[in-house]
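The values are calculated or read from the model by the stated rules, or taken from the named source; none is laboratory data. Treat the numbers as computed from the prediction; the structure is a model and nothing was measured. In this analysis, Cβ positions are derived from the backbone assuming ideal geometry, glycine residues included, and neighbour counts consider all displayed protein chains. We work out accessible area using only protein heavy atoms, side chains counted, and drop any ligands, DNA or RNA first. Shrake-Rupley method; radii C 1.70, N 1.55, O 1.52, S 1.80 Å.
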Amino acid sequence: PRRPMPPPRAPPPRRRVVEPGSRLFVGNLSYEIDTDQLRKFFETWGPISDCFLPQDRTTQKPRGFGFVTFRDAADAKLAVSQADGTELDGRQLRVNVAEDTRGP
């Protein structure tokens with residue numbers, strides 16, 4: 001007569017909470033740079049929790065920009081003020097706070 005209850009669903013995966021202002025967009029990167037080099041460059045200003053270089057889907061090569069997430073927004077703010085316009089691997093970097101394009 002009664003159907004058994006289905007097993008409980010697992011909760012949705014939790015997104016890492018990133019402190020507002022701690023994620024930076026880094027533009028005009030050399031196509032030769034890798035995440036280790038980018039991380040090492042930005043660790044000058046404080047501990048990094050994440051470093052990401054998007055790749056082109058067809059060529060699998062870097063797209064010339066990346067994202068660096070600091071553990072502390074104050075370190076990120078300092079990095080923006082000091083790293084924007086500096087040179088890395090022969091290219092003048094554009095560094096600013098990344099906009100959050102993800103939904104709520």
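Tabulated values for the structure
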{"quantity": "Residues that are charged (D, E, K, R), within 20 Å of residue 92 (Cβ to Cβ) and modelled with pLDDT under 95, drawn from segment 38-67", "calculated": "63"}
{"quantity": "Complete set of residues in segment 57-104 that are open to solvent by 30 Å² or more (accessible area, probe 1.4 Å) and β-branched (Val, Ile, Thr)", "calculated": "58, 59, 80, 86, 97, 101"}
{"quantity": "Residue check for residue 49: assigned to a strand (DSSP E or B) and open to solvent by 50 Å² or more (accessible area, probe 1.4 Å)", "calculated": "yes"}
{"quantity": "Among residues of segment 52-104, those that are within 14 Å of the chain's Cα centre (by Cα), of a type in the set (A, V, I, L, M) and more than 15 Å from residue 35 (Cβ to Cβ), counted", "calculated": "7"}
